[in-house]
Each structure stands twice: as structure tokens, then as C-alpha cells.
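First the structure, in the form of C-alpha cells, and then the observations on it.
The values are calculated or read from the model by the stated rules, or taken from the named source; none is laboratory data. Predicted model only: the values in this text are computed from it and were never measured. Using ideal geometry, Cβ is built from the backbone for each residue, glycine included, and neighbour counts are taken over all protein chains shown.
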Amino acid sequence: MAARPSLMVLAGCVLLVGLQSTPLAAQNEGAAVQQAADQKAADEKLAEKAAALVRQLDDDNFERRESAEKELATLGPAAIEVVTAALTSPSAEVRQRAERVLRVLRKADVGLRHVATVRRDELTAVCGLTSSPDGKFLYAASWQARAITAFRCDPDTGELNFVESLIDPEHLDGVTSVRISPDGKFALAVAFRSKKATLLARNPETGRLTIADSVGPDLTGGASFTWPIDGVIAPDGRHIYAADDRTGVIAVIEVAADHKLKLIEAFAAPDKSLLRTRSLAITPDGKTLLAGGMEAGTLVALDRDAATGKLTIRQVLTSGRDGIKGLAGIHGIAVSQDGKTVYTCAGRFGGEQGVSAFRLGEDGKLTPQGGVLADSGLTDFAGGNGIALTDDGQNVYAAGTTSRSLAVFRTHPADGKLTFLATIQNEATGASSNLGAADVEVSADGKSVYVALEEDGAISVFARTAAARPPAPPMP
């Protein structure tokens, strides 16, 4: 019989494993940091090369100009910023060549592949999408069909399999927004024709919805829903918020354990900064509610009392003031997973066309981080509507309803700033209709992107592929 190791030897082995695990974790973290540093160095080197090639675009020798243009087109996204700057060159030839190079660079790096388009009668005038927290289901709000349609998402391809359509003229007439609670147990629907915010019980296994309770049209203090248009659910699930487009009122509603609703307050901004509010978003920590005042061109940050759900205004940013751009006609808001960056989309019913970025500081204040607008490089984009951010923080997608297109951006993790990659404008974004892409949603696993095609009564499914990016140099 083999001899058994003594307790002292076993203890030594355990100690050795423990001593090795900590350095291993540190090594992994160090390798990640080193890889990021290598990637940054590689990008900087390529940017320097791109700058040299851009200068050659104005060379006296035709062959050199041709060669520089061809080589620039092979450098990948690291060259986009440098080539974009060349669009302002005093040389017409440099500008023309830079435009051609940019088209190639952006299309090569867009990172999306169309998989399928789903059409159903219940999707007539579909304008709102949301996915379940576990990523297994997608829900679509169709205002004209008075329906919320549920689909089960294929875990491999992202394709949609029909589950049910909940059609309810009393509660869902004009439904534009549907949200799922963080625990997946209920949903919120907001409908402008029914003039109601409705809570729906949800079966997390089947994805099916059942109407539980509603609030509206009468609110409190003489306020009422005239045109409720969007809503959000607090991360703790204790409160829901619904915004009215015409009155600028945000209804604060408590959710009881039995899915009954209790109206807490009808909040209205005294400075009218919330008039024509079309969009709401909430930070992951639940401390900040964000609202976009379309008419005033405002992004409003509100403090949220976690216990009562009540709101107070913390900050109002207004387009045209203090150098701020991109908020006139604001129509969509998205918040990063870490709660540090806020992105807005504008233009659906006029105003500025484009996407803007804001940084949310430790003091709770928003700081503009620039944006990409129609007058600053954003092409084939009009009617800015829904907007979505990937959980990995790498990409932002914005729906252009009247241009029938989807704009794709890369984000800069350090500050949240945007780099415009490309605009997709084809049948998968509604090119054959008058009103195309109205909303966009990214699956929980980050593999799929879904686009609501309003006039086509359809949803397009895109696979999110690895973006074309030059590899980091090998480690020595």
C-alpha cells in the first residue's frame, strides 16, 4: 500500500497553491495592462504613419498620391481620426482622397452582419425594443398595432422565434415603450393613446406577459397624462417613471409586491426644461434619472430618492449654451454599464441630427465630451431616434428614422468620446420605406443587435462581429 502524505506535507501543498494563485492573478492583470499598452502604442504608431501618408496625398507626383491613398485604406480604425482631419485640408484633392479612404475604413470596421428580418402584422409601426435581463427574450412595442410582441432569441444566431403578441386597446393603444424589470418579473408599458403607464406581470421562463395594473390618465394634483411616451424602471424595482411629451410631467409610481401601482407624485420642472420629454434613462446605481426635453433641447439630470422615489433637479444642460451641441430635438438616451457615460441621440422631429456624449462625474454633474453631428462628419443620418450601447462599452448604435439608417460608433473607454465608423443604409434598416430604423437594442450577451423598422412592421437582426482592428504587436 502506498504511503499517505503527512498533514505537514498537505499543509505545505495548500500553502504553495495559495502562494502561487496570487502571483498568477497579478500576472494576468499585468498581462492585460501590458496588452492595452501595446495596443495603444500600435495605434499611435499607425496614426503617425497615417499622418505621413496624408501629407503624401498632396505630393506633386501622381503615383505617390495614388500609393498613399491605397495604403491609407489598409491601416484600419487607428487611421480614422487622422484621415477625418484631412477633410478640412485646403487642397481639394486631399479632401476628395480622404473622403474615399474614410468610406473604406468605416465600412471595413463596422462589425455588423445582417442575419434576418422578421415581419408580422402585430409589428405594425414598431418603435420600441427591449430585451430581458437574461437575454433570452426580445420585446417589441408597436403603437399602431396596440401590441407588445415577445420573441425568444436563439442563443447562437440571435434569430427571433415568435412567442406571443399581447394586444390590448384599453392599455396598449399607442404603446411606444416597453421595459423589463431587473429581476425579470414584471414589465412597464407606456401608451400615448391609452394615456396610461401599465405594469405587466412576466413569466421569466416562458416570456409571456399579463396586464396587472395601470396609472392614468388622471394623475395627482390636477396633473394628467396627455401624451405619455416613455418610461423606465428603477434598478431596485421599487419605482417606475413615465414621461409625458405634451405636459413635461414625469409620473413617479411605486410598485407593490402584488404588482399594484401607487402614484407618488407628478413631477414637473418649474423652468419648463422637461417640455416635450421623449426619453428617460436611469443610472445603474439608481441615483440619477435622466430626461431629454426635446423642445427646449435639454438633458436634465434628476436626483432620485431611493426610499420615496421622488425627484429633484440636479442639473440642466441646454443645447446652444456653454458650448453644448447636439441636444436640440433630443430623442434617445443611453447610459453605460459603469454609469460614467451618457449618450444622446437627436433629430427625430427636428433639431440637431446626431449623437453626443457626456461624462457623469463623481459629483453627479454631466460634462460634455463632444459628439458627431450632421455638420461634423455624420453622413446619411437624419431623424435620430433610439440609441443603444453595448455592455462591453465598445460600440454605440443610433437609429435614423427618416434617413432609414443605422449609425455605428466606437467609444473611447477612458472618456466616453465617440468615433464615427459608418452608417448602414439598406433594406435591413428600412431603405424601401418612408420611416425606417426607429429603435435599436443590443442583446445581453453582446452578440446581436436588433433594429425596429417602423413602417416596414419588422425587426432586423444583426450579428455583432469582431471589428476589424490591427493586432497588437507581439510581446518581446
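Could you tell me which residue of segment 401-430 is nearest to the chain's Cα centre (by Cα), considering only residues that are part of a loop (DSSP other than H, G, I, E, B) and either hydrophobic (A, V, I, L, M, F, W, C) or farther than 25 Å from Val82 by Cβ (or both)? Only one residue tops the list, namely Thr401.
The number of residues in segment 132-163 being surrounded by fewer than 16 Cβ atoms within 10 Å (Cβ to Cβ), of a type in the set (D, E, K, R) and in contact with a Lys or Arg (Cβ under 9 Å, 6 or more places away or on another chain) comes to 1. Scanning segment 43-60 for residues that are touching a residue at least 40 places away in the same chain (Cβ under 8 Å) and either outside the structural domain of Pro90 (by TED's automatic domain parsing) or part of a loop (DSSP other than H, G, I, E, B) (or both) yields one hit, Leu57.
From the list Pro217, Pro182, which one is in contact with a strand residue (DSSP E or B) (Cβ under 8 Å, 6 or more places away or on another chain) and farther than 21 Å from Arg152 by Cα? Result of the check over Pro217, Pro182: Pro217.
Taking segment 275-321 as the region of interest, the strands (runs of 3 or more DSSP E) fully inside it that hold 2 or more residues being assigned by TED's automatic domain parsing to the domain that holds Gly351, in contact with an Asp or Glu (Cβ under 6 Å, 6 or more places away or on another chain) and surrounded by fewer than 23 Cβ atoms within 10 Å (Cβ to Cβ) are 311-318. So which residues in segment 71-84 are exposed (fewer than 14 other Cβ atoms within 10 Å of the Cβ) and either out of contact with any strand residue (DSSP E or B) (no Cβ under 8 Å at 6 or more places or on another chain) or not assigned by TED's automatic domain parsing to the domain that holds Arg100 (or both)? Correct list: Thr74 only. Which residues, taken from segment 284-322, are closer than 20 Å to Asp244 by Cα and among the hydroxyl-bearing types (Ser, Thr, Tyr)? Residues satisfying the conditions are Thr288, Thr298, Thr312, Thr318.
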